[in-house]
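S.K.: Sending over a structure as C-alpha cells; questions will come in a sec.
The values are calculated or read from the model by the stated rules, or taken from the named source; none is laboratory data. Note that the structure is predicted; figures quoted are calculated from it, not measured. Using ideal geometry, Cβ is built from the backbone for each residue, glycine included, and neighbour counts are taken over all protein chains shown. Only protein heavy atoms, including side chains, enter the accessible area calculation; ligands, DNA and RNA are left aside. Shrake-Rupley method; radii C 1.70, N 1.55, O 1.52, S 1.80 Å.
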Amino acid sequence: MEPEIKNFPAFKAVGLKYTGKNESNEIQTLWDEFISRLHEIKNTSKSGHTFGIYSKIDETDYDKEFDYTACIEVDKFEEVPDKMIMIEIREGRYAVFTHRGSIKKILETDEFIFKKWMKETDIEIDGSRYDFEFYNENFKGEADDSEVYIYIPIK
C-alpha cells in the first residue's frame, strides 16, 4: 500500500477528545457521543466533512498513549459546546493512505502505516502537524466499499 502525496487546505474543527490507548474501543464510544452531540456545534461547514485527528503520537512507539479528537469542520469558532475543543489544521503536504472496507478494520491500515511504512519510508514526516483521518461522502461505515483517508504530514 503506497500513499499518494497531496496538499490539503487549512481547516478549523470542533469536537470531542479522547486520551488513551484505545484498548477497549473507546474511540468508537467517542464517535458515538460526538455524533449524538453534532446538533450542538455552530457554524459547521457546508462540506459536512468529519475528521479523526491524532496528536501526541510517539511515532517511534505505536502502542503508547495518544490523543484522538472526533470532530467536524467549522467555518469559525463560536460558542463551543461544553467539553468540546477547537482544533486548527495548517495547510500542508501529506502522504495519504486510503483505507478501503469496513471501519472495523481501520486498525489494520493504521498498524501498516505506523508500524511498517513509517519505519521504512524515506519520506520525512513533519512532526509539527497532526495526522488525521478524513471522512467524506465515500465513508459508508461497515460497508465493503467504504473509504477513509489517512493523512500523514510530510515535509
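S.K.: Can you tell me which condition T121 does not meet? The list is (1) under 19 Å from K6 (Cα atoms); (2) touching a residue at least 40 places away in the same chain (Cβ under 8 Å); (3) open to solvent by 20 Å² or more (accessible area, probe 1.4 Å), and all the others hold.
M.R.: Among (1) under 19 Å from K6 (Cα atoms); (2) touching a residue at least 40 places away in the same chain (Cβ under 8 Å); (3) open to solvent by 20 Å² or more (accessible area, probe 1.4 Å), the lone unmet condition for T121 is (2).
S.K.: Answer yes if at least one residue in segment 47-55 is of a type outside the set (D, E, K, R), part of a loop (DSSP other than H, G, I, E, B), in contact with a helix residue (DSSP H, G or I) (Cβ under 7 Å, 6 or more places away or on another chain) and closer than 22 Å to W31 by Cβ, and no otherwise.
M.R.: Checked segment 47-55: no residue is of a type outside the set (D, E, K, R), part of a loop (DSSP other than H, G, I, E, B), in contact with a helix residue (DSSP H, G or I) (Cβ under 7 Å, 6 or more places away or on another chain) and closer than 22 Å to W31 by Cβ.
S.K.: Mind checking which residues of segment 101-118 are of a type in the set (S, T, Y) and surrounded by fewer than 18 Cβ atoms within 10 Å (Cβ to Cβ)? Before you say what the answer is, go through the steps one by one.
M.R.: The initial filter retains those residues of segment 101-118 that are of a type in the set (S, T, Y), namely 102, 109.
Listed by number, the list holds a single entry, S102.
S.K.: Now for a different question. Can you give me the number of residues within segment 85-122 that are basic (K, R) and touching a strand residue (DSSP E or B) at 6+ places or on another chain (Cβ under 6 Å)?
M.R.: Result for segment 85-122: 2.
S.K.: Something else about it: Which pairs turn up if I take residues in segment 101-117 that are more than 20 Å from S24 (Cα to Cα) and part of a helix (DSSP H, G or I) and look for partners that are among the aromatic types (F, W, Y) and modelled with pLDDT of 90 or more with beta carbon separation below 6 Å, at least 6 apart in sequence or on another chain?
M.R.: Taking only residues 6 or more apart or on different chains, the pairs are I113/F97.
S.K.: Among the numbered conditions (1) assigned to a loop (DSSP other than H, G, I, E, B); (2) in contact with a helix residue (DSSP H, G or I) (Cβ under 6 Å, 6 or more places away or on another chain), tell me where D144 comes up short.
M.R.: Unmet condition: (2).
S.K.: When the residues of segment 81-100 are narrowed to those that are open to solvent by 50 Å² or more (accessible area, probe 1.4 Å) and free of Cβ contacts under 8 Å to residues at least 60 places away in the same chain, which ends up nearest to K64 (Cα to Cα)?
M.R.: Initially, segment 81-100 is screened for residues open to solvent by 50 Å² or more (accessible area, probe 1.4 Å), giving 82-83, 85-86, 88, 90-91, 93, 100.
If we keep only those that are free of Cβ contacts under 8 Å to residues at least 60 places away in the same chain too, we end up with 82, 100.
Details: D82: 28, R100: 25 Å.
Per the criteria, the residue is R100.
S.K.: Return yes when T109 is closer than 20 Å to A10 by Cα and either modelled with pLDDT of 95 or more or not basic (K, R) (or both) and no when it is not. Before the answer, list the steps.
M.R.: Working: closer than 20 Å to A10 by Cα: no; either modelled with pLDDT of 95 or more or not basic (K, R) (or both): yes.
Against the criterion (closer than 20 Å to A10 by Cα and either modelled with pLDDT of 95 or more or not basic (K, R) (or both)), T109 does not qualify.
S.K.: Does at least one position in segment 84-96 carry a residue that is touching an Asp or Glu at 6+ places or on another chain (Cβ under 6 Å) and either modelled with pLDDT of 95 or more or not in a helix (DSSP H, G or I) (or both)?
M.R.: Narrowing segment 84-96 to residues touching an Asp or Glu at 6+ places or on another chain (Cβ under 6 Å): 96.
When the remaining residues are screened for being either modelled with pLDDT of 95 or more or not in a helix (DSSP H, G or I) (or both), the result is 96.
Yes, the conditions are met somewhere in segment 84-96.
S.K.: So, one more: In segment 60-80, what count of residues is obtained for those that are among the hydrophobic types (A, V, I, L, M, F, W, C), out of contact with any Phe, Trp or Tyr (no Cβ under 6 Å at 6 or more places or on another chain) and open to solvent by less than 20 Å² (accessible area, probe 1.4 Å)?
M.R.: Looking only at that region, the number is 2.
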